[in-house]
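Encoded as structure tokens, the structure appears first; notes follow it.
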Amino acid sequence: MKRPRLRHISSAERPRRNASTFVTAALRIVTTLGVVLLSALPANHATAVVLPQDAVVQSGTATVDAVRLNGPARGFVDEKYRVTALLEPKDAVDTTTFVWSPAPIKGQGTVQALYRWSTPGKHAAKVTATDQTGAVHEADMQIDVVVPETTPATAAAIRVAAATVPVDAPLTAGLIITPTAAANVSIIWSPFPDDGQGKRTATFTWTTAGPKEIDVAVINPDGTTTEARATVEVTPRSPSAGGNTVFLPFLAHARGVTGAQAAAPAIIGGREAVPGAWPWQAALLFDPDNGRSQFCGGALIDPTWVLTAAHCVVDWSAATTLYVLVGRHDLTSNAGNVVAVTRILVHPQYNDGNSDADIALLQLARPLADTTVSLAPIPVATGDTATVIGWGTTAEGVSSSASDVLMQVDVPIVSTAACVASYGGSITANMLCAGRGGADSCQGDSG
């Protein structure tokens, strides 16, 4: 099974795409290790939970034993660098004060600082961490800042998410540059896009039907220009617009489902969520040596328990490498709480082959005061509306397309027969299909 793709939470590009897909949530009632769960969260987010009998709530500690810095060792002039103070023990972060030197452009007083240098050379970042006992710990690191090489673009092409799109439906166009390493280029889209001007992906919406042209100009630092054009057929809106293809993000994310729609799983056709509207939404972070990265989502169902997808965590043998972030809308901000995971419970009947019983629980090192979501097994009918939320990628086939802000999309529940017709044995009795053309979840949304 392929591990969910990691990404740094400082990623800035936020494209969207439109494709004929259905979002599949796994509806599973699980009874194991004293846990009864329903993994699908319909619009009313109802489901009952019984936690393990031996669950232990671990409180935070006030004493810091050691501190070290984690961040990039090398980067480019005028690029942003995120440096994180890693404490031992990890859960002492909430009882520790931080002073960064030199002063960062953002994050002074917090566990994570944002730097940017306008001159090349070796630049140092230093943190002084003081715990509640008054003990002081210091750590520093150097970042080698260089001037990026200038590689001109010699050719360009546009890849659109679909050849046809209904009126008022968003469509994402992705720019392909040859060579792909072309640097310091300026990108101009025409007509002016809804989102993405100046970026390698842009979103367009048309209010009238007919053939529409998308043009892009790539301007190199030396003034030379390369251009590309794509044509899209905008069709009148109809109830059936978008097709009947069922797309399973859990299956494709887990093991590379074949087929045109499943080749690159993508929230798609959605919108930015209202900050604070989903207070129980959690981001799963992996903490390798090169910095924390968001790779999956979850739901805070109890102050010390997060519900997520099994395929997100089944490969992690040590819970100490996992963190949960709750209470943050924009991943580039410093809001919310980051808590270490002390225990991983994967459903014993989880099937990597067909993603059945794709459910897991994460126990947190300390309780969180954020709002939890209650879960209860209630009947879900075809046509009911469910909501998919997450920070996953928002476009297909385009790199660096993850969203920094929490996205959401409303999708209708689809009959099991429609799913079985497209995926056959991949659908089990424990699964629930939902979606519509142009709306989807994607890499990073799982959980």
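The values are calculated or read from the model by the stated rules, or taken from the named source; none is laboratory data. It should be emphasised that the depicted structure is a prediction, and the values quoted were computed from it without experimental measurement. Neighbour counts run over all protein chains shown; Cβ positions are idealised from the backbone, glycine included.
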Exercise for the section: Test LEU375 against the criterion of being in a loop (DSSP other than H, G, I, E, B), among the hydrophobic types (A, V, I, L, M, F, W, C) and either modelled with pLDDT under 75 or more than 21 Å from LEU284 (Cβ to Cβ) (or both), and give yes or no. Expected result: yes
Practice task
Check VAL218, VAL167 and return the single one that is over 30 Å from THR119 (Cα atoms), not aromatic (Phe, Trp, Tyr) and not assigned by TED's automatic domain parsing to the domain that holds PRO72.
Solution key: VAL167
Exercise for the section: With the condition kept exactly as written, say whether any residue in segment 282-293 is surrounded by 15 or more Cβ atoms within 10 Å (Cβ to Cβ), part of a strand (DSSP E or B), among the small types (Gly, Ala, Ser) and modelled with pLDDT of 85 or more. Expected result: yes
Completion exercise
Scanning segment 187-227 for residues that are within 29 Å of the chain's Cα centre (by Cα) and over 19 Å from ALA157 (Cβ atoms), the one surrounded by the fewest Cβ atoms within 10 Å (Cβ to Cβ) turns out to be PHE192
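Rundown of residues vs (1) at positive phi; (2) over 24 Å from the mean Cα position of the chain (by Cα); (3) modelled with pLDDT of 50 or more; (4) assigned by TED's automatic domain parsing to the domain that holds MET141, yes/no style:
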{"site": "LEU37", "(1), (2), (3), (4)": "no, no, no, no"}
{"site": "LEU41", "(1), (2), (3), (4)": "no, no, no, no"}
{"site": "HIS45", "(1), (2), (3), (4)": "yes, no, no, no"}
{"site": "ALA73", "(1), (2), (3), (4)": "no, yes, yes, yes"}
{"site": "TRP100", "(1), (2), (3), (4)": "no, yes, yes, yes"}
{"site": "GLY109", "(1), (2), (3), (4)": "yes, yes, yes, yes"}
{"site": "LEU114", "(1), (2), (3), (4)": "no, no, yes, yes"}
Problem - Matching option when the condition is part of a strand (DSSP E or B) and surrounded by 13 or more Cβ atoms within 10 Å (Cβ to Cβ), among ALA162, ALA169, ALA139, ALA183 - result: ALA139
Exercise for the section: Run VAL93 past the list (1) buried (at least 20 other Cβ atoms within 10 Å of the Cβ); (2) modelled with pLDDT under 90; (3) in a loop (DSSP other than H, G, I, E, B) and report the number of the one that doesn't hold. Expected result: (3)
Exercise for the section: Hey, could you check segment 341-361 for residues that are of a type in the set (Ser, Thr, Tyr) and assigned to a loop (DSSP other than H, G, I, E, B) and say which is surrounded by the most Cβ atoms within 10 Å (Cβ to Cβ)? Expected result: SER355
Exercise for the section: Determine which single condition THR119 fails, assuming it passes every other condition in (1) surrounded by 12 or more Cβ atoms within 10 Å (Cβ to Cβ); (2) within 30 Å of ALA183 (Cα to Cα). Expected result: (1)
